[in-house]
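Remarks on the structure that follows.
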Amino acid sequence: MNCFLTGASGFIGANLVHELALRGHRIKTMVRPGSDLQELEGVNCEIVQGDLLQRPLLERMMRGCDWCFHLAASYHLWLPDYSLMYAANVEGTRNVIEAAAIAGCSRIIHTSTAGCIGLPNRSNGEIAPSNEDTPVDLAQMKGHYKLSKWRSEQVALELAAKGMPVVIVNPTAPVGRRDNKPTPTGQIIVDFLNGRMPAYMDTGLNWVHVHDVAVGHILAAEKGRIGQRYILGHAEGNWTLKQVFDVLEALTGRPAPKRRISYGMALTAAYISEGCSWLTGHPPRVPISGVQMAKHKMFFTPSKAICELGMPQTPPRQALADAVEWFQRNGYVKDGGKKTQE
């Protein structure tokens, strides 16, 4: 297939480019000027500089393409000005999808986030993982990033309802190789490896190997139903942060943090951190929206993606091991880190 991608220089995007190339697909991608393209080295793909608001460029690049993967997004939990984030994430999504439809793409895969799925409920004291049909409302969209992604998903659903061949994927918390920025979940691992994680919150995520998420995108193009959402996660990946640190301790020999801090303490620290950011202009170490999202255990079930798409299920422990090995090998750990155990 002839494939067009936005966001190819990002974490999921770079892994998707490599997976598409391995399967023999032809790839075009648009990246922002100044993007770090190190993770695309060695892959045969056409790269053009531009941005999501350049509608004529998008239409020209997508001519002759069969599949469009829209992964690009402004991903920041704190910014001095959020207007550019909304422009990229909301209007950029409309531009990409409409341009892909004009080009005649048979599938347009919009990468949303599991944060746009309804929050898990409790049943008999147990957390019931959310699925694609779990009710959600705008009040759950804490922070500008999450709200902008929610609005971009609404654009994708609106255009699908108008007949455009849009399929939406909602990745949970991917970890693994090629996280060169790194993402907030990757930063948790980097901070642990560098001994900068003195305490933890009682929160949790659905942890999934980024390779499986990349494959899930391709499967969505092959098998996904138009207008549907698919959670790209792991069926056994609903782990608390403490469970993740325990696994990282077993993998690396580094001690897991023992002290748990309350939500109130973390939120107070976040307000102080953001207050300093308004004075310095540097991003806060602890953003308020990040703490607000961590108030809930973001547990999900990917059963729909497994049953309908055949999404692979690499064990979360392997995902963490691959992430640790990649961060150690690529200089993210000050002392190189201890050897990852088998």
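Taken together, the values in this text are just the output of simple stated rules run on the coordinates, not laboratory data. On a predicted model such as this, the values are computed, not experimentally measured, just so you know. All Cβ positions, even for glycine, are placed from backbone atoms using ideal geometry, and neighbour counts span all protein chains on display.
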*Using r as the Cβ-Cβ distance of Ser106 and Lys295, and R0 as 30 Å, what FRET efficiency do you calculate, to the nearest 0.05?*
0.15
*What pairs from Lys142/Lys297; Lys258/Lys297; Lys149/Lys297; Lys149/Lys242; Lys223/Lys304 go past 21 Å between their alpha carbons?*
Lys149/Lys242
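Which trypsin sites (Lys or Arg not before Pro) in the range 158-262 sit in a loop by DSSP (not H, G, I, E or B) and have at most 16 other Cβ atoms within 10 Å of their own Cβ?
Answer by residue number: Lys162, Arg196, Arg225, Lys258.
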*Angle between the Cα long axis of helix 210-223 and the longest principal axis of the chain, 0 to 90 degrees, nearest 10?*
30
*What number, in percent, do you get for the relative contact order of the chain if the mean sequence gap of Cα pairs under 8 Å and at least 6 apart is divided by its residue count?*
18
*If you take the beta carbon distance between Asp133 and Tyr271 as r and set R0 to 51 Å, what does 1/(1 + (r/R0)^6) give as a FRET efficiency, to the nearest 0.05?*
0.90
*So, in nm, how far is label Leu37 from label His76 when the simple model puts each one 7 Å beyond its Cα toward the Cβ?*
2.4
_Burial ordering of Lys334, Lys146, fewest other beta-carbon atoms within 10 Å first_ = Lys334, Lys146
*At Gln154 and Arg285, where each label point lies 7 Å from the Cα along Cα→Cβ, what is the point-to-point distance in nanometres?*
3.7
*Would you mind calculating the gained length between Tyr86 and Glu325 on full extension (0.36 nm times residue separation, minus the Cα-Cα distance), in nm to one decimal?*
82.5 nm
_Of the listed values (i) 5, 19, 22, 17, 11, 5, 3, 3, 3, 3, 2, 2, 1, 1, 0; (ii) 5, 22, 33, 28, 10, 1, 0; (iii) 6, 25, 36, 25, 8, 0, identify the label whose number matches P(r) over Cα pairs in 10 Å bins from 0, in percent calculated from this model._
(iii)
*Fraction of the pair-distance distribution of the range 1-86 above 18 Å, Cα-Cα pairs, percent*: 42
*Within the range 178-216, what residues put their amide N at less than 12 Å from the label point 7 Å along the Cα-to-Cβ vector of Gln243?*
203-208
_Listed peptides 148-156, 167-175 by packing density, highest first (mean Cβ within 10 Å)_ = 167-175, 148-156
*Bridge type composition, the range 118-258 - antiparallel percent by DSSP, nearest 5*: 45
*Excluding Glu132 itself, calculate the net charge of residues whose Cβ lies under 14 Å from the Cβ of Glu132, where each Lys or Arg counts +1 and each Asp or Glu counts -1.*
0
*In percent, how large is the relative contact order of the range 205-334, given Cα pairs closer than 8 Å and 6 or more residues apart?*
43
*With each pseudo-label sitting 7 Å past Cα toward Cβ, what's the Asp191-Ala250 distance in nm, one decimal?*
2.3
*With the chain treated as a Gaussian network of Cα nodes joined by springs under 10 Å, which of Thr280, Thr183, Thr111 yields the largest mean-square fluctuation?*
Thr280
